[in-house]
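Only the coordinates and a few stated rules stand behind these numbers; no lab work does. Just so it is clear, the model here is predicted, and its values are computed rather than measured. Note: ideal-geometry Cβ built from the backbone for every residue, glycine included; neighbour counts use all protein chains shown.
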Amino acid sequence: MEQFVYANEGKVLLREAVQDDIPKIVELFDELPKNDYWQTEELAQGRYDLIDTTGGIICVAVLGEEIIGYTEVVLPDSKDDFGFVTKLQIDDEYKRRKFGTELVRYGMILTKKKGYVGSVVWPDIDKSKGLYKKIGFKEITDNQKVIFEVKEDLPSVEGESIKEISSLDEFKELELAVGSQYKVEFIWQRGFELAEEGLLNYNQPLIQKVSVDAGEGVIFFDNRHLFIAVAEEDRDDLDLITDLLQYGSKIAQQEGAEELLTYIHIDDWEEIKSDLEDIWEIKKDETRLEMKMEFED
């Protein structure tokens with residue numbers, strides 16, 4: 001399914017991306033100071049394949065022969081879960097011309113046609129919140145994006161590994177208490193595929209069920225991220241989550257991790273931040289708004 005947007009510049013085509021678009025997508029991201037997946041055609045190909053493998057959607061806006069816009073939606077296995085808009089990029093020359101709005105709206109049409117109940121996005125509060133509001137996304141909550149390094153001299157951290165988690169289904173039985181709960185399949189697949197290809201400093205994911213003083217949970221570490229999963233009934237146990245983050249940080253240090261990224265609900269972050277001061281050297285700490293759109297029948 002294709003759509004057109006009419007503007008002073010001409011007729012802009014909205015469609016799903018194809019393999020031949022990759023070099024032009026790289027050009028679109030060329031001006032960004034940090035664009036991990038789109039620095040080279042090899043990395044862009046890896047991203048394209050990852051979205052395709054996990055059943056996601058990549059949409060582009062095309063003016064003449066030029067790609068002027070890009071968005072992607074990560075989709076879960078279950079149609080009862082929400083898609084996740086992970087990226088939106090519009091060429092600087094064409095920003096504030098409604099192309100971003102129309103491109104995301106088009107992505108939502110495709111997501112709905114696939115049978116999903118809705119979609120979620122974590123937009124930049126200052127730059128794109130208004131765009132998503134226009135489309136129908138509603139503000140739900142805030143999450144904290146935290147980039148950190150594990151300190152060299154750690155205090156004593158107690159814990160032990162119980163077993164390796166090797167099945168996505170087993171991992172999905174738990175709830176991500178630290179990380180993005182809307183793209184579990186994508187997180188799993190990304191770690192293994194990029195490690196296999198040797199891209200972006202990913203390592204083969206280390207996914208362990210561990211025991212700490214406050215109970216048990218699962219640590220997910222891929223040399224770029226540290227996520228924590230727990231049983232549903234333990235989701236609000238911040239002592240357990242803190243212990244798991246501390247023990248997971250110790251493991252990450254032993255594995256030679258440098259800079260790591262994670263996401264924590266803002267209320268949880270305010271409660272546990274002080275408990276991580278001796279463990280983490282925080283490089284960046286910013287609030288990300290969570291917005292949700294539920295599709296009408």
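Within segment 71-105, whose backbone N sits under 18 Å from a point 7 Å along Cα→Cβ of Glu9?
71-72, 88-105
For Trp280, what residues show an amide H to amide H distance below 5 Å, using hydrogens built from the backbone and excluding near sequence neighbours?
Close amide H contacts, sequence-distant or interchain: Lys151.
Amide H of Glu290 versus every other amide H placed in the peptide plane: which residues, excluding those fewer than 5 positions away on the same chain, fall under 5 Å?
Ile140, Thr141, Asp142, Asn143
What ratio of Cα Rg to 2.2 N^0.38 Å holds for segment 3-121?
The reported ratio for this selection is 1.02.
Normalised by the residues of the chain, what does the relative contact order come to in percent, with Cα pairs under 8 Å and at least six apart?
In percent, rounded to a whole number, it is 20.
For the chain, give the magnitude of the charge dipole about the Cα centre (Cβ charges: +1 Lys/Arg, -1 Asp/Glu; no others), in debye to the nearest 20.
1660 debye
Could you give me the ³J(HN,Hα) list for segment 39-54, computed from phi with Karplus coefficients 6.51, -1.76, 1.60 and θ = phi - 60°, whole Hz, x at Gly and Pro?
Computed from phi, the couplings for segment 39-54 are 6, 9, 5, 5, 5, 5, 5, x, 5, 4, 5, 5, 5, 5, 4, 8 Hz.
Can you list residues whose amide H is under 5 Å from Ala61's amide H, if they're 5+ apart or on another chain and H is modeled 1.01 Å from N?
Ile68, Gly69, Tyr70
By how many nm would the segment from Asp236 to Glu27 lengthen if fully extended, with 0.36 nm per residue of separation less the alpha-carbon distance?
70.8 nm
What is the distance in Å between the Cα centroid of segment 235-293 and that of segment 83-112?
With segment 235-293 and segment 83-112 each reduced to a Cα centre, they are spaced 30 Å.
For the ranges 88-95, 181-188, 204-211, what's the packing order if you count other beta-carbon atoms within 10 Å of each residue, average per peptide, and put the highest first?
Result, highest mean Cβ count within 10 Å first: 181-188, 204-211, 88-95.
With a point put 7 Å past each Cα toward its Cβ, work out how far Lys113 is from Glu216 in nm, to one decimal.
4.6 nm
Return the loop-located trypsin sites (Lys or Arg not before Pro) in segment 14-92 (DSSP other than H, G, I, E, B) with at most 14 other Cβ atoms within 10 Å of their own Cβ; answer none if there are none.
Lys34, Lys79
Quick one: if the Förster radius is 45 Å, what FRET efficiency do Met1 and Glu158 give, using the C-beta to C-beta distance and rounding to 0.05?
So, using R0 = 45 Å, E works out to roughly 0.25.
When ranked by the protection proxy of mean other Cβ atoms within 10 Å per residue, highest first, what sequence do the peptides 240-252, 57-69 form?
So the order, starting with the most tightly packed, is 240-252, 57-69.
Pop out the Kirkwood hydrodynamic radius of the chain from its pairwise C-alpha distances, inverse of mean 1/r, in Å to one decimal.
20.2 Å
Using only DSSP helix segments of four residues or longer, with each worth -39500 (n - 2.57), what per-residue ellipticity at 222 nm results for the chain after dividing by its residue count and rounding to 500?
Dividing the helical sum by the residues of the chain leaves -8500 deg cm²/dmol.
Taking N as the number of residues in segment 122-254, what is its alpha-carbon radius of gyration divided by 2.2 N^0.38 Å?
1.15
Taking only Cα atoms of segment 219-297, what ratio of Rg to Rh do you get with Rh as the Kirkwood inverse-distance radius?
So for segment 219-297, dividing Rg by the Kirkwood Rh gives 1.02.
Explain nothing, just compute: Karplus ³J(HN,Hα) = 6.51 cos²θ - 1.76 cosθ + 1.60, θ = phi - 60°, for every residue of segment 270-281 in order, whole Hz, x for Gly and Pro.
4, 7, 9, 3, 5, 6, 9, 4, 7, 9, 10, 9
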